[in-house]
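Here the structure is laid out as structure tokens; the discussion comes afterwards.
The values are calculated or read from the model by the stated rules, or taken from the named source; none is laboratory data. Keep in mind it's a predicted model, so treat the numbers as computed, not measured. Note that we place each Cβ from the backbone using ideal geometry, even for glycine, and neighbour counts take in every protein chain shown.
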Amino acid sequence: MNLITVAQVCSVNNQIAKGLAVADDANEVSQTIEALMDEQRKFAPPAAFLAQANETSPSIYEAASKDRLGWWAAQAERLVWKKHWDQVLDWTNAPFAKWFVGATLNITESCLDRHVATQPDKVAFHFEGEPGDSRDITYKDLYEEVCQLANGLAGLGVTKGDRVAIYMGMVPELPIALLACARLGAPHSVVFGGFSSDSLRDRVNDAEAKVLITCDEGWRNGNRIELKLYADKALEESPSVEKVVVVQRTGGDVPMQAGRDIYYHDLVASQAKDRPATETSSEDMLFVLYTSGTTARPKGIVHTTGGYLVGAATTHRLVFDIKPDDVYFCTADIGWVTGHSYIVYGPLANGVTSVIYEGVPNYPDKDRFWEIVEKYKVTQLYTAPTAIRTFMKWGTEYPDRRDLSSLRVIGTVGEPINPEAWIWYNETIGKGRCPIVDTWWQTETGHIMISPIPGVTTTKPGSATIPLPGMSADIVDDEGNSVPNGSGGYLVLTEPWPGMLRTIYKDPDRFKDVYWSRFSKPDEKKWVYFAGDGAKKDLDGYYWLLGRVDDVMNISGHRISTLEVESALVDHQAVAEAAVVGRADATTGQAIAAFVTLKGGNPGGPELIAELREHVAVKIGKIARPASIVFTDELPKTRSGKIMRRLLRDISEQRKLGDVTTLANADVVNEIAHRAASAASAQAD
């Protein structure tokens, strides 16, 4: 398996692989996924940043490599344990791991109690409501409110091991609810507030939740989201739920079912502001978080307590160069794993001050994020490439309105970032002085796996660089063999890690089949986790994520990543954002269909279509030239910002559209379909 050495961390002087020239002179390698892009720009950590960085030496990789389990044990010592572990890792029943075996703890003591003892008046969360209301919550405030809710839930019959479902907007009661459940040892199951009542029902039923915590309504883009009504509809077919706790966010008039529903403020009003933390095993379930599935039952990803917190806290501290006076802003929703790990558990374990924002980045205007950065003097910003490309489309006037000089580290999460968006982020938001940490990880991994360390790593626009200390990854071909540098293939993880998923809830066989069957060799006791993503390694051994292997297109026998074509399109000065899919083609197997959003209201036209096709041909090769290009004002996205390529494939192949209930902008789909139909014949070769 490929291992990253200290020499590779230090040296980035080799050429990046050129197009298809990735074969050994004597023996050409047949690639799983072709590596077409040629990105050679490099950015060393800025001198001013290095002067104050927590980590500046690549020796951290060597230390972790020499004694991986010892290194993780040292990181675990930063947390609060009730009973120490007997064994760091038990891998005898692979792929079912146990970390910090024999240890007991309660995760909230690391996140709350110890900080209340040393810094009770430090702000844990700055809350910024979409309508403009705000609230500062100190660590003492947070501790007391968590204990009050924990006492209230205990009064409703919630005990250790009971599942609690949470369906809320981004309000302070959301992280309080997670922590209150953890205080009780009751696993939580957060359902993103943008999901439909059917999606909520399925998740509640699979987890067999005893209590649901929700809001009357939520704010989004100036509108009220009827969360309680959606919850009521879901609960018509959710027999396990005994009680519903309702946070009053808008004060809207919502139906309350006698004997079942209780307002949050009534539940906590008379509760004590203290509660002993329930002792839990390191391997007790902390939460189950469901991946959204459109063709199969959602998978309940199980994360346990000790290893998860060690991984989340360690990676948060390393990747974001965390210091005591930082103000950290992750723009994700707590309904996703990013919010679990990098709004709630990781930052609180590190005693940092975070910002929680309720709404969208363009309400009431397109500078809302930058207003928040200026208001709270944010030092770290962690957001999605989709958001960054949207900011590019809106133009520099909005960030230029605000003082962003407090920023020290800026990060990306969610999907691979194309190089031109990376450069825009670096120049417009970071002003060339903030290292960019481009992170790769998943719901399943629990915490960041591949990322720069900002004071150590020379970065390259679009590359997540190399695995973090203590992590072990590789890129392999169809047979599971490590591919040489300069080649593409499948991204795999080759050693267990602390925050890894333990199973799929109530379905261990599916867990083994989905994640461990593709490249593992049980007879040889060789277990390999397949992430489902394509990737390539450049000649320096840097990792470049190419998106889900489901999104790889087969063009005349060439397996081409949608990401590389999208990056080539966005490289053109007229393009703000692009999405690419493969559509069926009788001649080539698949043809590339592109959907493009232009900057500055540019209407596009046949000349620009021809120019963009040629631009892609020049950038990465004629084989990747789109067969069709459709200009659209918006791309279909979920409320979390994910582009729904499935719908674009449906449009491209003129099929009946699939489910659109999770879209943030469902009305845009028909417009895209109309434009695609009009363009199909006009652009045929």
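Is it the case that ASP474 is closer than 20 Å to GLU524 by Cβ and part of a strand (DSSP E or B)?
The answer is yes for ASP474.
Using the structure shown, decide if ARG183 is farther than 21 Å from THR331 by Cα, in the same structural domain as ILE262 (by TED's automatic domain parsing), over 23 Å from the mean Cα position of the chain (by Cα) and modelled with pLDDT under 95.
no
Select from segment 630-649 the residues that are without any contact (Cβ under 8 Å) to a residue 40 or more places away in the chain and surrounded by fewer than 19 Cβ atoms within 10 Å (Cβ to Cβ) and list them in ascending order.
Across segment 630-649, the qualifying residues are ASP633, GLU634.
Yes/no per residue for (1) closer than 25 Å to ALA313 by Cβ; (2) touching an Asp or Glu at 6+ places or on another chain (Cβ under 6 Å); (3) without any contact (Cβ under 8 Å) to a residue 40 or more places away in the chain:
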| position | (1), (2), (3) |
| --- | --- |
| GLU427 | no, no, yes |
| CYS434 | yes, no, no |
| GLN442 | yes, no, no |
| ILE448 | yes, no, no |
| PRO452 | yes, no, no |
| VAL456 | yes, yes, no |
| ILE466 | yes, no, no |
| PRO469 | yes, no, no |
| ASP477 | no, no, no |
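Can you spot a residue in segment 306-319 that is outside any helix (DSSP H, G or I) and under 24 Å from GLY455 (Cα atoms)?
no
Which one of the conditions (1) touching a helix residue (DSSP H, G or I) at 6+ places or on another chain (Cβ under 6 Å); (2) closer than 26 Å to TRP422 by Cβ does LYS537 fail to meet, given that it meets all the rest?
Going through the list (1) touching a helix residue (DSSP H, G or I) at 6+ places or on another chain (Cβ under 6 Å); (2) closer than 26 Å to TRP422 by Cβ, LYS537 breaks only (1).
Return yes or no: is GLU55 touching a helix residue (DSSP H, G or I) at 6+ places or on another chain (Cβ under 7 Å), surrounded by 16 or more Cβ atoms within 10 Å (Cβ to Cβ) and charged (D, E, K, R)?
yes
Answer with yes or no whether ASP533 is closer than 23 Å to ILE623 by Cβ, in contact (Cβ under 8 Å) with a residue 24 or more places away in the chain and within 20 Å of the chain's Cα centre (by Cα).
Yes, satisfied.
Quick one: in segment 235-255, of everything that is in contact with a helix residue (DSSP H, G or I) (Cβ under 6 Å, 6 or more places away or on another chain) and in contact (Cβ under 8 Å) with a residue 40 or more places away in the chain, which residue is farthest from ARG368 (Cα to Cα)?
It comes out as VAL241.
Counting just the residues of segment 385-414 that are of a type in the set (A, V, I, L, M, F, W, C) and within 24 Å of ALA124 (Cβ to Cβ), which one comes out surrounded by the fewest Cβ atoms within 10 Å (Cβ to Cβ)?
Out of the qualifying residues, it is LEU407.
Residue by residue through segment 145-158, note down the ones that are on the phi < 0 side of the Ramachandran plot and surrounded by fewer than 20 Cβ atoms within 10 Å (Cβ to Cβ).
ALA154, GLY155, LEU156
Give the residue, chosen from GLY641, GLY600, GLY582, that is in a loop (DSSP other than H, G, I, E, B) and either at pLDDT 85 or above or of a type outside the set (D, E, K, R) (or both).
Unique residue meeting the criteria: GLY641.
Might you check whether a residue that is among the aliphatic types (A, V, I, L, M), within 27 Å of LEU200 (Cα to Cα) and either at pLDDT 95 or above or surrounded by 23 or more Cβ atoms within 10 Å (Cβ to Cβ) (or both) occurs anywhere in segment 307-323?
yes
Determine, yes or no, whether TYR328 is touching a strand residue (DSSP E or B) at 6+ places or on another chain (Cβ under 8 Å), in contact (Cβ under 8 Å) with a residue 60 or more places away in the chain and either at positive phi or aromatic (Phe, Trp, Tyr) (or both).
no
If you scan segment 205-225, which residues turn out to be closer than 28 Å to ASN362 by Cα and either touching a Leu at 6+ places or on another chain (Cβ under 8 Å) or without any contact (Cβ under 8 Å) to a residue 12 or more places away in the chain (or both)?
THR214, CYS215, ASP216, GLU217, GLY218, ASN223
Pick out the one residue from ARG183, ARG203 that is under 26 Å from THR159 (Cα atoms), buried (at least 23 other Cβ atoms within 10 Å of the Cβ) and in contact with a Pro (Cβ under 8 Å, 6 or more places away or on another chain).
Testing whether each residue is under 26 Å from THR159 (Cα atoms), buried (at least 23 other Cβ atoms within 10 Å of the Cβ) and in contact with a Pro (Cβ under 8 Å, 6 or more places away or on another chain) leaves just ARG203.
Among the residues of segment 537-565, which ones are charged (D, E, K, R), in contact (Cβ under 8 Å) with a residue 40 or more places away in the chain and under 22 Å from PRO626 (Cα atoms)?
Result: ASP551, ARG559, GLU564.
Within the set of pairs 6+ apart or on separate chains, which have a first residue in segment 122-144 that is of a type in the set (A, V, I, L, M, F, W, C), a second that is surrounded by fewer than 17 Cβ atoms within 10 Å (Cβ to Cβ), and C-beta atoms under 8 Å apart?
VAL123/ASP136; PHE125/ASP136; PHE127/SER134; PHE127/ARG135; PHE127/ASP136
Give segment 607-626 a look and list any residue that's more than 32 Å from the chain's Cα centre (by Cα), at pLDDT 90 or above and not aliphatic (A, V, I, L, M), or say none.
Correct list: GLU607, GLU611, GLU614.
Checking the conditions here, which among ASP202, ASP274, ASP232 is in the same structural domain as GLY335 (by TED's automatic domain parsing), of a type in the set (Asp, Glu), at pLDDT 95 or above and in a helix (DSSP H, G or I)?
Among ASP202, ASP274, ASP232, only ASP232 is in the same structural domain as GLY335 (by TED's automatic domain parsing), of a type in the set (Asp, Glu), at pLDDT 95 or above and in a helix (DSSP H, G or I).
Let's see how each residue does on (1) crowded, with 17+ Cβ neighbours inside 10 Å; (2) of a type in the set (S, T, N, Q):
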| site | (1), (2) |
| --- | --- |
| GLY541 | yes, no |
| ASN554 | no, yes |
| GLU564 | yes, no |
| SER567 | yes, yes |
| GLY582 | yes, no |
| VAL596 | yes, no |
| LEU608 | yes, no |
| SER628 | yes, yes |
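For segment 294-329, name all the residues that are out of contact with any Pro (no Cβ under 9 Å at 6 or more places or on another chain), polar (S, T, N, Q) and within 20 Å of THR457 (Cβ to Cβ).
THR315 - this is the single residue of segment 294-329 that is out of contact with any Pro (no Cβ under 9 Å at 6 or more places or on another chain), polar (S, T, N, Q) and within 20 Å of THR457 (Cβ to Cβ).
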